[in-house]
Each structure stands twice: as structure tokens, then as C-alpha cells.
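A.B. asks: Right, I'll just put the structure down here and ask away after.
The numbers here are math on the coordinates, done by the rules we state, and not lab data. Because the structure is predicted, anything quoted here is derived from the model rather than measured. No Cβ is skipped: glycine too gets one built from the backbone with ideal geometry, and neighbour counts run over all protein chains shown.
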Amino acid sequence: MNADGEPAGVSDAGVSKSGPHLVSIAKVACVIAAVAVLPLMMPINIATEIMIFGIFAMATNLLIGTAGLYSFGQAAFFGAGGYAAGFLLAHGWTSLPLVFGFAVVVTGLLAAAVGLVSIKRVGIYFMMLTFACNQLIYYAAYSWRSVTGGEDGLAGVRRPVLELPFVGAIPFDDNRVFYAFTAVLFLVAMAFLVRVVESPFGLVLAAARQNTRRAASLGYPVAKLQLVAFIIAGAVSGIAGALFGMLYRIVPIDSVHWFGSAYVVFMVVIGGTRSMIGPALGAFVFIWLQGLLSLTWSRWPLLLGLFVVATMIFQPDGLLALLTKRPAWLSGRRERSRS
Amino acid sequence: MLWLISAQLVNGIAIGLVYAVMSFGLSIIKGLLNVPNFAHGALYALGAYICYAVVSLQLPFAIGLAAAFLGAAVAGLLLDRFAIRPVGNGGYLPQLIVLFGAALIIEQLLLIGWGTVGLSYSPPAMLRGALNLGITVVPRYIAFASVFSALVIVLVWLLIERTKFGAYVRAGIERPETTQALGINVELLLSSGMMLGAGLAGLAGGLALPIVGATSTMGGDMLGIAFVVLVIGGLGSLYGSIAAGILVGVVQSLTTIVAPSASTAIVYVLMIGVLLFRPQGLFGER
């Protein structure tokens, strides 16, 4: 696999410790502030959608930015998570841990199956295989009407209820409460994924991205670790899909379509693959732009396409690089020399 | 029953040959530019719409097919110049994202030009009616489409195997750097490869117009099938996609007899089945 661009993911882990604490505390504060301010700037459901797709994009970035596995089939897991959670919620099981647990198990198993078929193939082959598996799962969902509702989508999805020992039952029917819940999951997912990326496991993934053969000859079970990353990314995407079904109380068939897979790769790449903030930013820009454009013109995907092409041509490192490049002296980060 | 099977078999071969034309184009682009052409489905749709535009001007169907090829080839050239090349040094991820963005633009332009309602066109009078082959009866147009597709494939094969241009193309696929070092203009070669591949997608779209009509979603579905054909044929093999295309068409048609609703999903099942036994695809080497 060609090691293109900058090393992602590991970037912050090995940097010299000249005030890294202050920087990372500032980063965390910025992210939490942004999450808190977001619903004041736009309709609450759009803000919730940004959180959901932020989770989806960050999970996908574990594959793209860290592991260098260019999957074009992540919507399969997003949609499957939506169907798994939605099926329980539409049939009267509303316990929150049960619903999310089920979604994680189903999407994790599905990701394991897809990963087993595709992970040993590299580069373009891997991309096309994940794409084709996505299509297969799409048609399976399309035909399995009794569970997924087929073309009409899985309707009648209710929001789960969280039973806490001393507080009692917390319902999420209020959209603001649901936003808060989604935002908390978003922050947890971000913390978890950053931890994964910076762990020894994440470092081996990044090493394998830069030179698969060298990482393998050092004795690391590269394919196995990549499969684990694929399962983690799939399961986290499944959580995002479950939230999406709860938000609009329906799981549309479009949520498993491969267009979703391509869109999430957009979000990751236009945001920037070098950190987990990039994909979140990409999701913000993408969902916000989509909401804005779809109000103005029924042919809005044309404008979206132009935006994507222009971003890739003029800002190939992602929008986050636009923000961070200028004040390089501020963040105290040295220019990395390529070895 | 036998009659039904043989009818579906002939039908499947015809559809498979159209798939083969389309995927052969994808295979050429993949070979030369080393990028999976995510705009291939959109180019296929573009071909169908161009062909429709030409025949609705009362021009002959043959001109429609030629225009579909040329129009898609020009679109391929534009894609190469203004989408693929500007992001060329970043690896294939930016390239295929740009191609996907371009596909969105092309499909929306088609919707702006021809509206959201699907279009249909019946083949010219000469190609209507049926042909009795003895074992089964085939619609004339289906027979024409298969023979024509086969001819196109043979022509492109001759172009690649028997001409100087073809030798450059093969050299460009095998050893791009050496080819450049030998003084061959690789930039130009890549552009013409992209044009040829895109043109084949457009031509397949034109050929499919009398069978399936022209709709805005035709590209996305076809893209999936073309990718599957390429993977089954083997990514390293330029010609594997031809046999794989016919195989996919036949399997799909025969499935329609047993379970019509599964005829699309079976394509992907077939692909996974093939890969479990031959991970490199039917004709790939590794």
C-alpha cells in the first residue's frame, strides 16, 4: 500500500512534551464548547445529525486515517445498526443498554464477516470488495421486508428509555434531551477512538499503513489487528446508525446505500484524516451544507459535487489543515521531518 | 422449461456482453490510471441520455450510438484534465473522491437536462420483432446488441493487441515509468485510455437504452455491477472482465427464472463465492 501524505493518528503521540498538556486540555475544552454551542446555531435536529455523522465519520477515520484501509462500505454497518436497534425499538423493547448492545453485537459480527472476506486484499481491491459487500447488504435489507420494511424503511421506531437506579427512567422524547444524549455519546466515542489510535494497537495499525510488509516482518499479526480495527469501526458506526434511526423514528433504506459510504469518506477527507477532530469537522461542514443547499435548490447534489471536487483540488489535506496550518507556532508543534 | 432456460440463457449472454463492454472500459481505466472509476456509472447514464437525445432528433440509432461513445469519451477527457489530474499526486483516495463528486455533477446535469421522469425508446423498425434461432426465439434487438457488443470488444482487443497505440497502452499498464523513460508521452496515453474507457461506458449506455430506457438511477446500479465484474474477472487482468461480464449476465438471467427478486443480489453473492475460492479473481494473477 502506498504510504501517502502525512502520518495520521500517531501525530500527537510521539511529539516532544513541550506543553502538550495545555494544548490537549485546550483542545478538549474547545470540542466540549463547540458541542454545547452547536444547538444554539441551528435547528436542533440538524445539530443532532451532525453529532451522529460525527461519530460515523470518526469511526471511519480509524480505518482511513490510521489503518489506511480505504473502506467504501461503511454505510452497511451504519444501516445495520439502525435496523438492529430500530427493530427492537419498533417491537416494544426500549431498554437503552439492550438496544445499543444488540446494535453493537449485530454490526460487530457483520463487520467481522465483511472483514474476513476483504481484509487480506489491499488497496483498490479492498475498496471494491467493501463496496460490493455494502451492495449485497443493501439488497438483503431491500428484500427482507418483514424485518427492514424494504423500500419504505423501518417505521415506528421509538426512542429508548434509560433506567437509572436512583434517578428513575429518563425518556428521550424531547429533542433537546436527545441531543444531549447524542452529544455525550459523541464525546465518549471521540475519547475512545483517540485512545485506540494512540494505543500500541493504533500505533501498529499506523505502522502497517505506512509499510505493511515491514510491520508484518517485525512480527505483528497485521491482518488480525486490521480485522479488529474493522470490527471496532463497524460497531461504532452501528451505534451512529442506531442513533440516526431514533432521531427520525424511521430507518430509511437509504441509510444502507453505498452513497452513505461515499459521503462518510468525504466527511473524513474534507475534514482531515490526521486527527479525530478532522472527521467531526467534516461531518459538521457536510451536514450543515447539505441542510443549507437542500433548502435552496432541488438539484443540490450538483452543488455538493462541485464543493467536493473544489475541496479536493484546492485543500487536499482537509479543512482542518486550513485552521491549524497558520498558527503552527501557537500549537507548539514542530514541522515533522520525513524519515 | 427447457425453452425458458434457453431463452434466458440467450438473454443473459446479451446482457452480459453489454456488461462486458462497460467493464472492459473500467478495466482499461483501472489498468492505465490505477484508479477505480467511480464516475463510470454516470458515464454509462450519460451515454444513454445522449443516445436518446440524438434519436429524438429523428437521426438514426447508429448515430445515437456513435454520439454516446464520443460524448462519454469527451466527458472522460474532461474528467481526466479537470478532476483526476489536479489531485494526481495524492494517491488514489482523492482521485476516487473527485470522481464520485464528478459523478454527482453529471447525474444532476442529466436530471436538469431531461427531467426526473425515466425515458424509454423502442429500437428502430429494422431491429423490432423476433428472430427464430431454432432452439429459442430471441428479440431481434437483443440479438443485435449481443453481436454488436461482441464486435466492439473484438475491435478494442485488436486495437490493444495489434496496433502501435495498443502496444503503448500495454506498456503503460505493465511499466509506466519505463514507458515514460522510452520517450512515450504517458500523459497523452493516460488521457486517451480514459477517453477509450469512458467511451465504452457511454456506448454500453446507448446500447442499453432500448432495453432498459434511461433513468437517473441507472448509473449507480450499473456501477456496482461493473465493479463486481471487474473483481470477478481479476483486477490484474485486462480481459478477465469480458468473460466475467458474460458470466454475471447469464447467472443473473438464470436466477430470474427461479427467484426474480434475487436477481440483483445474486451478482454480489456470486462475487463473494468466486473470491472465496479464487481470491485473485478468475483471471487475476498473484
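A.B. asks: Residues with beta-carbon under 12 Å from that of residue B:194, excluding residue B:194: net charge, scoring Lys, Arg +1 and Asp, Glu -1?
C.D. replies: Within the 12 Å Cβ shell, the charges total +1.
A.B. asks: Who wins for biggest fluctuation among B:244, B:214, B:171 in a Gaussian network model of chain B, springs between alpha carbons below 10 Å?
C.D. replies: It is B:171.
A.B. asks: Express the relative contact order of region A:162-308 as a whole percentage, based on alpha carbon pairs under 8 Å and six or more residues apart in sequence.
C.D. replies: 11 percent
A.B. asks: At a threshold of 8 angstrom on Cα-Cα distance, excluding pairs fewer than six apart, so keeping six or more, what relative contact order does region B:2-277 reach in percent?
C.D. replies: 41 percent
A.B. asks: Which of A:172, B:20, B:183 sits farthest toward the positive end of the charge dipole of the protein assembly as shown, with +1 on the Cβ of Lys and Arg and -1 on the Cβ of Asp and Glu?
C.D. replies: B:183
A.B. asks: Using unit Cβ charges (K, R positive; D, E negative) and no other charged atoms, how large, in debye to the nearest 20, is the dipole of chain B about its Cα centre?
C.D. replies: Result for chain B is approximately 260 debye, rounded to the nearest 20.
A.B. asks: Suppose every Lys and Arg Cβ carries +1 and every Asp and Glu Cβ carries -1, with no other charges. What dipole size does the protein assembly as shown come out with about its Cα centre, to the nearest 20 debye?
C.D. replies: So the dipole magnitude of the protein assembly as shown works out to roughly 1020 debye.
A.B. asks: Let me ask another. With a Förster radius of 51 Å, plug the Cβ-Cβ distance of residue B:175 and residue A:184 into 1/(1 + (r/R0)^6) and report the FRET value to the nearest 0.05.
C.D. replies: That pair, residue B:175 with residue A:184, gives E of 0.40.
A.B. asks: Just going by the charge dipole of the protein assembly as shown, with Lys and Arg at +1 and Asp and Glu at -1 on Cβ, which of A:35, B:172, A:244 is farthest out on the positive end?
C.D. replies: Positive-most Cα among the choices belongs to B:172.
A.B. asks: For region B:252-258, just list the computed ³J(HN,Hα) in residue order, Karplus coefficients 6.51, -1.76 and 1.60, θ = phi - 60°, integers in Hz, with x standing in for Gly and Pro.
C.D. replies: Result, ordered by residue: 4, 5, 5, 5, 4, 5, 7 Hz.
A.B. asks: Okay, moving on. In Å, what is the Rg of the alpha-carbon atoms in the protein assembly as shown, and how long is Dmax?
C.D. replies: Answer for the protein assembly as shown, Rg first and Dmax second: 25.0, 84 Å.
A.B. asks: Oh, and also: Put +1 on the Cβ of each Lys and Arg and -1 on the Cβ of each Asp and Glu in the protein assembly as shown; which of B:222, A:208, B:29 then has its Cα farthest toward the positive end of the dipole?
C.D. replies: Value: A:208.
A.B. asks: Sticking with this one: Could you compute the FRET efficiency for residue B:77 and residue A:166, with r as their C-beta to C-beta distance and R0 at 51 Å, rounded to 0.05?
C.D. replies: The value I calculate is 0.15.
A.B. asks: Please build a GNM for chain A, connecting alpha carbons under 10 Å apart, and tell me which residue among A:43, A:171, A:97 fluctuates the most.
C.D. replies: Result for chain A, Cα springs under 10 Å: A:43 fluctuates most.
A.B. asks: So how far apart, in nm, are the two label points at residue A:199 and residue B:120 if each is 7 Å from Cα heading toward Cβ?
C.D. replies: Taking the two extended label points, one gets 5.7 nm.
A.B. asks: If contacts are Cα pairs under 8 angstrom and at least 6 residues apart, what is the relative contact order of chain A in percent?
C.D. replies: Relative contact order comes out at 32 percent.
A.B. asks: Would you mind checking which residues have amide H under 5 Å from residue A:162's amide H? H placed 1.01 Å from N; only 5 or more apart, or other chain.
C.D. replies: A:170
A.B. asks: For an R0 of 22 angstrom, estimate the FRET efficiency from the Cβ-Cβ distance between residue B:269 and residue A:151 and round to the nearest 0.05.
C.D. replies: Efficiency, rounded to the nearest 0.05: 0.60.
A.B. asks: Could I have the simple spin-label model distance between residue B:188 and residue A:91, label points 7 Å from Cα toward Cβ, reported in nm to one decimal?
C.D. replies: 6.5 nm
A.B. asks: So for the pair residue B:157, residue A:294, with labels modelled 7 Å out along Cα→Cβ, what separation do we get in nm?
C.D. replies: It is 4.7 nm.
A.B. asks: Non-local amide H neighbours of residue B:131 (under 5 Å, H modeled in plane, Pro and chain starts lacking H): which ones?
C.D. replies: For residue B:131, whose amide H was placed from the backbone, the distant partners under 5 Å are B:138, B:140.
A.B. asks: Where does chain A land on Rg(C-alpha)/(2.2 N^0.38 Å)?
C.D. replies: Rg over 2.2 N^0.38 Å, computed on Cα atoms: 0.97.
A.B. asks: With the alpha-carbon atoms as the only input, what is the per residue convex hull volume for region B:2-277 in Å³?
C.D. replies: 136 Å³
A.B. asks: Counting Lys and Arg as +1 and Asp and Glu as -1, what is the net charge of the other residues whose Cβ lies under 13 Å from the Cβ of residue A:85?
C.D. replies: Residues near residue A:85 contribute +3 overall.
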